[in-house]
1. For the range A:57-73, just list the computed ³J(HN,Hα) in residue order, Karplus coefficients 6.51, -1.76 and 1.60, θ = phi - 60°, integers in Hz, with x standing in for Gly and Pro.
2. In the range A:15-119, what trypsin sites (Lys or Arg not before Pro) fall in a loop by DSSP, with at most 14 other Cβ atoms inside 10 Å?
3. Express the relative contact order of the range A:343-447 as a whole percentage, based on alpha carbon pairs under 8 Å and six or more residues apart in sequence.
4. Any chance you could give the angle, 0 to 90 degrees and rounded to 10, that helix A:134-149 forms with the longest Cα principal axis of chain A?
5. Compute for chains A and B the buried accessible surface, both sides summed, probe 1.4 Å, and express it in Å² to the nearest 100.
6. Averaged per residue, what accessible area in Å² does the range A:343-447 show with a 1.4 Å probe, protein chains only?
7. Once you order the gyration tensor axes a ≥ b ≥ c over the Cα atoms, which shape class does the protein assembly as shown get: rounded for a/c under 1.5, otherwise prolate or oblate by comparing a/b with b/c?
8. Give me the dipole magnitude in Debye, nearest 20, for the range B:366-471 about the Cα centre, with unit charges on the beta carbon: positive for Lys and Arg, negative for Asp and Glu.
Amino acid sequence: MRYLPNSASDRERMLETIGRKSVAGLFEQIPEVLRLNGRLNLPGPLSEPEILQFFRDAAAESSRDYVSLLGAGAYSHYRPVTIDMLLSRGEFFTAYTPYQAEIAQGTLQAMFEFQTLMAELTGMEVANSSLYDGSTATNEAALMAMRLTRRERVVLARTLHPEYREVVRTYGHNLQTEIVEAPYETSGQIDLAELERLLDEKTAAVVVQSPNFFGVLEKIPAIAELVHRSGALLIVAVTEPLSLGLVKPPSEADIVAGEAQSFGIPVAFGGPYAGFLATREKFVRQMPGRLVGQAADTEGRRGFVLTLVTREQYIRREKATSNICTSQSLCALAATIYLCLLGKHGLRALAEQNLSKARYAAEKIGAVAGASIPFAAPHFNEFVAKSPGDAEELLAALREQKIIGGLNLERFYPELENHLLICVTEMASKEALDRMAEVYGTQAAGMQTRPARKGAPAAVASRD
Amino acid sequence: MTRKNSITQARTHVTRNEDLIFERSSPGKSGVDLPALDVPAADPKEWLGEEFYREDVDGFPEVSETEVIRHFTRLSTWNYGIDTGLYPLGSCTMKYNPRINEVVARLDGLATDHPYAPESLVQGCLRVLAETARCLKEITGMDAISLQPAAGAQGELTGLLLIRACLDDRDRRRKYILIPDSAHGTNPASVTMAGYEVRNLKSNAQGCVDLVELDHAMTEDVAGLMLTNPNTLGIFETQIREICEIVHAKGGLVYMDGANMNALVGVARPGEFGVDVMHLNLHKTFSTPHGGGGPGSGPVAVKQLLEPYLPTPMVEESPEGAYRLNYDRPKSIGRVRAFCGNFGMAVRALAYILAYGPEGLRQATEDAVLNANYIIHQLQDAYELPYQAPIMHEGVFSDRKQAARGVRTGDIAKRLIDYGFHPYTTAFPLIVPGAMMIEPTESAGRAEMDAFIDAMRAIAVEVEEEPDLVRKAPHTTRVTRLDEATAARKPILCWKPSGEAAEGKAKS
């Protein structure tokens, strides 16, 4: 087998050295009844070209020939080739967690740079070196807020990603966390009056997403003021961090948690991604996940080490801030390389392109009779559109034009019938967007000769 | 070229002394040129308004593509990876990461499909998930599996949540989880996050679970036992069936930490042991890269009784051969992560399984166990082996002999770096004083292991003759030992233009 460095004669000589007759003897400690008789029912062995063919066949049954207007927590952006060239260096991708700092300075320095970039971008003082993904980072932020406030109630904006809310609920279930949801108003933003009513002296944290699940920007300073008045902490979740190239950072928040997938990490059917968590310096000892800090060696040279490790499970065991061990280093490295390539100006220019394309698409759809853009508050590269007719029919018609037209919001928000969440990044061409608008127009034209679907709501946006 | 070389004393080149990327920045540069915008440019200031418009992203670097390549290439050379050489890090299973896995995971389609795309357009991705699940069920002998957990620790937590959901359905709430004192630190931390309390179980003189102790501890308010098999000493729990029976008799369930599954693939299946739930680490046993600390993947496999509680969604195959995601699982514990888990890791794990096939996987396991025995056997006279039971894929020495000379496991580990090896795992498991945990995996060749054995023996001699040499190691690296205590007392966690990080630079 091509991956195994020892030959049959190597094995013979090794057995001789340790005074054993056969390899089977090494497994005699496993009681015979527990040993596997016969062989596993598995495919293979396959040669390299056969493996390649197997996965090429799988890759062919994909949406790769379609223009995708899906976002909703996983964003399609161009990935400069430089990223994979650097990630593919064995020194990076075949290394372990940098516990042995002297021979892991490459990973450590890159993670220190990641922490710096994420702190700058989010307007926070410190950031950790990554968590599993945006959903678990948001959940860890909620748990962190509960430790900091010693309170056990969490308010989630209903416009927080539905799957992020599910993760917070799964983790909270056995910890007796009380979880309530705050509704949105007609602008698509969190309803501040309702939020104020939901806050009490037991509330540890409020979690809002901005841009929220509808793509709409939230009024963070106003929310922060309300939340802080009740003694709770404000957590801002960010699923599309590219927005921060143009949008004011949520500096009024206590914790910013989110997903860095947009930064050079492939969509890859949902993972692996890189969660991030940034906060204020005073909260750092309750922060979960690995942290890289600057240190000096015995000669006074600058180096980097994993630091504040007494928060972590391998030292603190059941009293640790989290059970997290593995982070997403290689994905965080991809994000670091991506952000360094873009730099200060590239980030802004790319964010501007995303905004321009999304504006163009929204205006095109808004101009179609019977279609509308229900939420008036500013968005970044995602927005909600109400289809002229049945949303599923529209999506099917778009698919015929090789366009995946967005996410039918009814799946997560039953009240938003015929509402689509549309994401337009730099990857969508004007030509594709024009084609999309034509399909809307065709549906609108057809609607004039057909009765509306039974029970379709008249309101542009429903309140919770 | 008659001019005499004026360099009399060579200065360290930047390859050994690369600045932070922020310190290489100078205004007006970027590493990307964007295509021209094909739609009218929106004025962000006007559209976003004063309320939302950000004037500037402070502190971001401005560097060219060339500088980015040089910067990260130089950083990479300061790392030690599996590709560099023997990486006998116990409990971490640092095996070769096949290159074809990286290629197939990046294929257009697999790397680009969106998790919310219509199921009819993502059949390839769903098939990969379904096939990976099928293979892992076959390897573990379990009935059902979820690929959603993002890493081993999340798999542990998921498993505990499954146990909890099942037992809560069955009877009154139980409070405790038993954990042997040899367990990984993630085990007790996961127990706390599942809302249980930890009860520690003392190991017996052979380093295994003590049945009398277990029988005593396994009361009606204990939800279950979490154990690693082979355990963290590399010893197979020969009484695993009896252990499971004791737990089951009192209405508890058994969780097996599959971190050490590399000792069992193709040789024995946990499904036959009596365990109810286990996790796998695709980044250990199934060769997905560790990546300098992730991404991992921690699938959770269960027996039928826990299947209804697995996270949503589950991949299913229809009789017609089409795949779908089933979200309608009323008893499910819910989601532990957005989307379908670390899909890219499933692609790599499947490619690994396909490359080996059933016989090959068994051969890999045999090699891993033979390699560990080969190394441990030849170091027994130089280092103390506190537990004499036969070992499987890894072994644990104690530094007791060397500690008498004032040299500890961490020092010997650092000295190994000077010999060109990555250290073994230090100071774990906790039940061995000054533990030195060695796991060569099947990827270690005989010649390389011989060199490692020579190095370990040479260090043992150095400890006797010149202990300071070992205590101050490493001597050959870019930086010497770093002052972790000061770093933790006054943490500097990011670079600031005129902050302490910049001052540090001046000293370098």
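1. 4, 5, 5, 5, 8, 9, 9, 5, 8, 9, 7, 9, 10, 8, x, 6, x
2. On the way: sites: A:R20, A:K21, A:R35, A:R39, A:R56, A:R64, A:R89; in loops: A:R20, A:K21, A:R39, A:R64, A:R89.
The qualifying sites are A:K21, A:R39.
3. Details: 153 pairs, mean separation 34.1, N = 105.
The value is 33 percent.
4. 90 degrees
5. Numbers: alone 24100 and 26540 Å², together 33230 Å².
By this definition, chains A and B bury close to 17400 Å².
6. Numbers: 3240 Å² over 105 residues.
Solvent-accessible surface per residue comes out at 31 Å².
7. Values: a/c = 1.67, a/b = 1.36, b/c = 1.23.
It is prolate, given that a/c is not under 1.5 and a/b is the larger ratio.
8. Details: 9 positive and 18 negative charges, 77 e Å.
Around 360 debye, computed over the range B:366-471.
The values are calculated or read from the model by the stated rules, or taken from the named source; none is laboratory data. As the structure is a prediction and not an experimental result, all values here were calculated from the model. Note: ideal-geometry Cβ built from the backbone for every residue, glycine included; neighbour counts use all protein chains shown. For accessibility, only protein heavy atoms count, side chains too; no ligands or nucleic acids. Shrake-Rupley method; radii C 1.70, N 1.55, O 1.52, S 1.80 Å.
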